[in-house]
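Here is the structure we will look at.
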Amino acid sequence: MAALSRRKKQVLFLALIFIVLLSAICYWRFRPDTVNRAPHQQLQPVKATGATHASYDVIVAGTDPEGIAAAVSAARNGLKVLLVDGRNRDILGGLLTEGWLNSLDLNYSPKQQPLTGKHNFLNKGLFQEWYDQIEGTSFDVNTAANVFNKMVSDEKNIDLLLKVHKMEPVLDGSRVTGLRVVKEDGAEVSIGAKALIDATQDADIAAAAGVPYTFGRQDIGQPDARMAVTLVFKMSGVTQTLWDSFGKHRGSQIDKMSGWGFPEARNYVSSNPKRVKLRGLNIGRQNDDTILINAMHIYDVNPIDPKSVQDGLAIGRKEAPLIVNYLKKTFKEFRDMQYAGTAPELYVRESRHMKGEYRLKMTDLMTNRDQWDAIAYGSYEVDIQSTSPQDPGAVMMKPRQYGVPFRCLVPRNLDGILVVGRAASFDSLPHGSARVVPLGMATGQAAGAAAKLAVVKGVSFREMSRSKPDIQELRKLLTQQGMDFTQNVIPKPEYAKNKDYPGLLAAASMYLTVGGKDNKHFDLDMPSNVKRFYYDMMMVKKVHPTFFTGNPPHAIASGTDSAKLPLSLNQAAYIIALSAGLQAKPETALDELKKRKWLSDSTLATFSNSNELTNGDSFMLVRDVVERYAGVKYQ
């Protein structure tokens, strides 16, 4: 027994040594690497060939990443392509290289392989090809521009026309047949095309052609609201010791290229408080001991009004050095750094939302819905940035994986054109996720391949969008060219298991609730209150103004703190009735709604306490009334 006991001890000792060694190896192999070893590159000159032909198979308008992906995809599929830009740029890459947005909002796959030390992204394709040649989650702007330049210049089927003064579509009835441009030298020329891909940030070509769209948050009754724009600014003097100190600041983190945090920065007092505010810092590292900071919010800039854009730039350029002085005085980490200028262009998050054959909906993201014609997948959080200094913004929720239909690229009422990137056919709320560049590049790659099939088959994009065989062929072609259409198995989210889930889908679609990055803050089972329901119905009035024309404030008793009043079914019914313009009384409103069949018996049967409704109960009431009265289903 004693010998056996010694043997057991020996085995346990050896196992312990093995575990310690394995842990040491794993730490050494997968320890956080914060050292950037990449060399700084000089910008390579971009060779603009000009338009060497009178017509092309495809014209791609816009040299942002989405346009580059579309042009390269079309060229690799054997089409003759003209890539044209009208923003007076000398380099390629648009938002990332001229707007200096050098930190990426990434579409991670639900399946990660942490022991490999590599990220696993959705879609892959041309985005992955580009990403593998830059530094990481953030990148040096020169590196990014040079990679984009090489991707375009390597394709002999691409002609590049830069610095045109004007671009407008050429139409033949309801079909786009080319692009009319005023070149840098003032010459005007019309260039024919079998297909046109609008990759401008704001869908300028599609809008000029008459494609319908909503602007900002018009689709949820807030036509004057849109996410703030940002002017990225630069600071110099970064050392490795200083970079590592960023990660030690409370509430902040880093990897070798990206930093985020410094939440106290939002305490900055702006010199122009109605137009400028600072949030927590997003920091992208460069290879020349500088960093780019995305943190300044500028309000009331109209992205499609050139004068407004120039005003926004002027405001940002005035504020940037003041912000830097604040950072230097407030945070010891920035004390020895210097202001080094601002980006040439604004980072615009939101403008036009084109109306296509399908509009991506919040319910698509909430349900992690695949689509029969998905040509890209998204997973980035629904990041709704602030629209005014008083609005903090919100993360509505975090989807795991949702499909973006090809139909979202096909405008209503117009043939011969596709719209890619953030201005595609997305409702304004899901646009908070779908607007990110990696997904936009996937839509661009899909558009380039779709143009090939449309030309070969002699079909329109609209016909293609309605043909399952054509879409299957498109997805097969894209898969052969590096795209990944794997739809991962997604476990049912906890919020979807709640009895009030149908009401949650309606509430999220009308921006009545947010779940946060972890989807845990919908608070369906928490008690509601009179004040919250009043504000919910005020939002419903904005989203559906034709039906909800009444005045609900009278439902709140004067002289009381309505936030402390539990919401009863009778009180909720009274607020709903007044919102809909009914001449109801508090004691008869519920009977009136039942009489009109605006509330379902099945919904009312789920309420455990009619005197104290939960948030989920109230969402179910809203869902019933909007569906049964306004005729809108959120599903």
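The values are calculated or read from the model by the stated rules, or taken from the named source; none is laboratory data. Quick caveat, the model's predicted, so the values are computed rather than measured. Counting neighbours? That spans all protein chains shown, and the Cβs are built from the backbone with ideal geometry, glycine included.
Can you name the residue in the stretch 604-621 that is surrounded by 16 or more Cβ atoms within 10 Å (Cβ to Cβ) and free of Cβ contacts under 8 Å to residues at least 40 places away in the same chain and is also farthest from ALA573 (Cα to Cα) among such residues?
PHE607
Mind listing whichever residues of the stretch 515-529 are buried (at least 19 other Cβ atoms within 10 Å of the Cβ) and in contact with a Pro (Cβ under 7 Å, 6 or more places away or on another chain)?
ASN519, ASN529
Would you pick out the residues in the stretch 138-153 that are within 24 Å of the chain's Cα centre (by Cα) and farther than 18 Å from ALA343 by Cβ?
VAL147
Residues that are closer than 28 Å to TYR108 by Cβ: list the helices (runs of 4 or more DSSP H) wholly contained in the stretch 442-518 that include at least 2 such residues.
The qualifying helices (runs of 4 or more DSSP H) are 468-480, 501-509.
For the stretch 351-364, which positions are touching a Lys or Arg at 6+ places or on another chain (Cβ under 9 Å), more than 17 Å from GLY210 (Cα to Cα) and not in a loop (DSSP other than H, G, I, E, B)?
The one that is touching a Lys or Arg at 6+ places or on another chain (Cβ under 9 Å), more than 17 Å from GLY210 (Cα to Cα) and not in a loop (DSSP other than H, G, I, E, B): THR363.
If you take the residues in the stretch 394-419 that are assigned to a loop (DSSP other than H, G, I, E, B) and hydrophobic (A, V, I, L, M, F, W, C), which one is nearest to TYR511 (Cα to Cα)?
The residue in question is MET396.
Output the residues belonging to the stretch 564-587 that are farther than 17 Å from ALA630 by Cα and either outside the structural domain of GLY503 (by TED's automatic domain parsing) or not small (Gly, Ala, Ser) (or both).
The first filter runs over the stretch 564-587 and keeps only residues farther than 17 Å from ALA630 by Cα, leaving 564-572, 574, 583-587.
LYS564, LEU565, PRO566, LEU567, LEU569, ASN570, GLN571, TYR574, GLN583, LYS585, PRO586, GLU587, listed by residue number.
Determine, yes or no, whether VAL181 is more than 30 Å from ARG412 (Cα to Cα), among the β-branched types (Val, Ile, Thr) and not in a loop (DSSP other than H, G, I, E, B).
No.
Evaluate the stretch 477-488: report whether one residue or more is at pLDDT 95 or above, of a type in the set (Asp, Glu) and over 23 Å from the mean Cα position of the chain (by Cα).
No, every residue in the stretch 477-488 fails to be at pLDDT 95 or above, of a type in the set (Asp, Glu) and over 23 Å from the mean Cα position of the chain (by Cα).
What are the residues in the stretch 375-419 that are acidic (Asp, Glu) and on the phi > 0 side of the Ramachandran plot, if any?
Of everything in the stretch 375-419, nothing turns out to be acidic (Asp, Glu) and on the phi > 0 side of the Ramachandran plot.
Can you pull out the helices (runs of 4 or more DSSP H) entirely within the stretch 522-635 that have at least 1 residues that are aromatic (Phe, Trp, Tyr)?
530-543, 569-579, 615-625
Can you tell me which condition PRO566 does not meet? The list is (1) in contact with a Ser or Thr (Cβ under 9 Å, 6 or more places away or on another chain); (2) free of Cβ contacts under 8 Å to residues at least 12 places away in the same chain, and all the others hold.
(2)
Does ASP172 meet the test of being crowded, with 22+ Cβ neighbours inside 10 Å, among the acidic types (Asp, Glu) and modelled with pLDDT of 95 or more?
no
Got at least one residue in the stretch 511-527 being free of Cβ contacts under 8 Å to residues at least 40 places away in the same chain and in the same structural domain as ALA605 (by TED's automatic domain parsing)? Outline the logic, then answer.
The first filter runs over the stretch 511-527 and keeps only residues free of Cβ contacts under 8 Å to residues at least 40 places away in the same chain, leaving 520-521.
Checking the rest, the ones that are also in the same structural domain as ALA605 (by TED's automatic domain parsing) come to 520-521.
Scanning the stretch 511-527, I find at least one residue that is free of Cβ contacts under 8 Å to residues at least 40 places away in the same chain and in the same structural domain as ALA605 (by TED's automatic domain parsing), so the answer is yes.
Among the residues in the stretch 315-328, are any surrounded by 17 or more Cβ atoms within 10 Å (Cβ to Cβ) and either in contact with a helix residue (DSSP H, G or I) (Cβ under 7 Å, 6 or more places away or on another chain) or assigned by TED's automatic domain parsing to the domain that holds GLU463 (or both)?
Scanning the stretch 315-328 turns up at least one residue that is surrounded by 17 or more Cβ atoms within 10 Å (Cβ to Cβ) and either in contact with a helix residue (DSSP H, G or I) (Cβ under 7 Å, 6 or more places away or on another chain) or assigned by TED's automatic domain parsing to the domain that holds GLU463 (or both).
Filter the stretch 315-350 for residues that are farther than 25 Å from LEU92 by Cα and not in a helix (DSSP H, G or I) and give the result.
If the condition is that a residue be farther than 25 Å from LEU92 by Cα and not in a helix (DSSP H, G or I), then PHE331, ARG335, ASP336, MET337, GLN338, TYR339 are the ones that fit.
Kindly check whether there is at least one residue in the stretch 588-595 that is among the charged types (D, E, K, R), in contact (Cβ under 8 Å) with a residue 24 or more places away in the chain and either assigned by TED's automatic domain parsing to the domain that holds TYR501 or surrounded by fewer than 16 Cβ atoms within 10 Å (Cβ to Cβ) (or both). Don't jump to the end; show me each part of the working.
First pass over the stretch 588-595, keeping only residues among the charged types (D, E, K, R): 591-592, 594-595.
Going one step further and asking which of them are in contact (Cβ under 8 Å) with a residue 24 or more places away in the chain, we end up with none.
No, every residue in the stretch 588-595 fails to be among the charged types (D, E, K, R), in contact (Cβ under 8 Å) with a residue 24 or more places away in the chain and either assigned by TED's automatic domain parsing to the domain that holds TYR501 or surrounded by fewer than 16 Cβ atoms within 10 Å (Cβ to Cβ) (or both).
Would you check if ASP624 is assigned by TED's automatic domain parsing to the domain that holds LYS531, exposed (fewer than 15 other Cβ atoms within 10 Å of the Cβ), over 18 Å from PRO566 (Cα atoms) and of a type in the set (Asp, Glu)?
In short, no.
Within the set of pairs 6 or more residues apart or between chains, which connect a residue that is closer than 14 Å to THR177 by Cα and in the same structural domain as PHE406 (by TED's automatic domain parsing) inside the stretch 452-466 to a residue that is of a type in the set (Lys, Arg) and surrounded by 15 or more Cβ atoms within 10 Å (Cβ to Cβ) with Cβ atoms less than 6 Å apart?
What qualifies is VAL455/LYS194.
Restricting to the stretch 488-514, name every residue that is of a type in the set (Gly, Ala, Ser) and surrounded by fewer than 22 Cβ atoms within 10 Å (Cβ to Cβ).
Scanning the stretch 488-514 gives a single hit, ALA496.
Answer yes or no: is there a residue in the stretch 128-148 that is aliphatic (A, V, I, L, M) and in contact with a Leu (Cβ under 7 Å, 6 or more places away or on another chain).
Scanning the stretch 128-148, I find at least one residue that is aliphatic (A, V, I, L, M) and in contact with a Leu (Cβ under 7 Å, 6 or more places away or on another chain), so the answer is yes.
If you take the residues in the stretch 137-150 that are surrounded by fewer than 21 Cβ atoms within 10 Å (Cβ to Cβ) and not basic (Lys, Arg), which one is farthest from ASN282 (Cα to Cα)?
ASN142
Looking only at the stretch 362-385, count every residue that is under 16 Å from PHE121 (Cβ atoms) and not aliphatic (A, V, I, L, M) and tell me the total.
5
Quick check: is even one residue across the stretch 151-166 modelled with pLDDT of 95 or more, surrounded by 20 or more Cβ atoms within 10 Å (Cβ to Cβ) and within 30 Å of ASP289 (Cα to Cα)?
yes
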